[in-house]
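The values are calculated or read from the model by the stated rules, or taken from the named source; none is laboratory data. It should be emphasised that the depicted structure is a prediction, and the values quoted were computed from it without experimental measurement. Here the Cβ is made from the backbone with ideal geometry for all residues, glycine too, and neighbour counts use every protein chain on show. Calculation scope for accessible area: heavy atoms of the full protein, side chains included, ligands and nucleic acids excluded. Shrake-Rupley method; radii C 1.70, N 1.55, O 1.52, S 1.80 Å.
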Amino acid sequence: APGHFCVNVTCPIRVCINREGDCFAQHGATGCDNAFCCEKVCAADPSCCTTDWDSFCADRARILCSTDQCADALPISGPGVFPFDNRTAMTDGPAHAACATTTGPEKQIQKDVWYCWTASCTDTVFVRTCGQTTVDTKLAVYDGCACPPTDAALLDCGDDRCGAAQSTAVFHAVAGRSYLIRLGNY
């Protein structure tokens, strides 16, 4: 039988171990594929681990298991729409001179959430929040997923490129390579 091994942490509850199904998406099974996130969600709403992982459980996971710290960047890959919720996020990324906006000296991306994206092809990539939120977003993309990211790793920083509040960052990706995406508020 599959096992579970924990080092210097408290192991999650049994109902959350070795489950299938993305924690951030609705699926028909109980629990989700991240045991520690599963436990957080099930503590807040036990029905997520006794019936099915519905949209409420997925929304709760996005809040409780946030990608708030760079070191906890959520791994994603390929093209797609990826949900974010930075309402409870703190700011932990560096300020970059290259991220200063034309409307003021603001360099910092506030209330940032993090993703480690792996490219599925070699091409120009557009990371954007255009039309996807009402939040006044700001984006940064870094080469590699090392934390904390450095000025040298910064590939692009975008603010208000697709309207008064939403953002686009553009960079050249290489298939199989990982890139750190930082999304937050202006």
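Quick look at the numbers
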quantity	calculated
Matching entry among C48, C99 (being at pLDDT below 80 and surrounded by 15 or more Cβ atoms within 10 Å (Cβ to Cβ))	C99
Unique residue being closer than 15 Å to L180 by Cβ and not β-branched (V, I, T) when the list is D112, D85, D45, D123	D112
Answer from V113, V41 - the residue that is assigned to a strand (DSSP E or B), modelled with pLDDT of 80 or more and either in contact with a Gly (Cβ under 7 Å, 6 or more places away or on another chain) or open to solvent by less than 50 Å² (accessible area, probe 1.4 Å) (or both)	V113
Residue within segment 161-171 that is buried (at least 17 other Cβ atoms within 10 Å of the Cβ), closer than 16 Å to C99 by Cα and of a type in the set (D, E, K, R) present	no
T91 vs. criteria assigned to a loop (DSSP other than H, G, I, E, B), touching a residue at least 12 places away in the same chain (Cβ under 8 Å), open to solvent by 50 Å² or more (accessible area, probe 1.4 Å) and at negative phi	yes
Residue within segment 8-29 that is farther than 25 Å from P149 by Cβ, at pLDDT below 80, among the hydroxyl-bearing types (S, T, Y) and open to solvent by 30 Å² or more (accessible area, probe 1.4 Å) present	yes
Matching residues, segment 44-77, being in a loop (DSSP other than H, G, I, E, B) and of a type outside the set (D, E)	T50, T51, C65, S66, T67, Q69, A73
Sole residue being over 17 Å from the mean Cα position of the chain (by Cα) and either in a strand (DSSP E or B) or at pLDDT below 85 (or both), chosen from L139, L155	L155
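A quick yes/no check of all residues on (1) modelled with pLDDT of 80 or more; (2) among the hydrophobic types (A, V, I, L, M, F, W, C):
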position: S55; (1), (2): yes, no
position: A61; (1), (2): yes, yes
position: C65; (1), (2): no, yes
position: Q69; (1), (2): yes, no
position: F84; (1), (2): no, yes
position: T91; (1), (2): yes, no
position: P94; (1), (2): yes, no
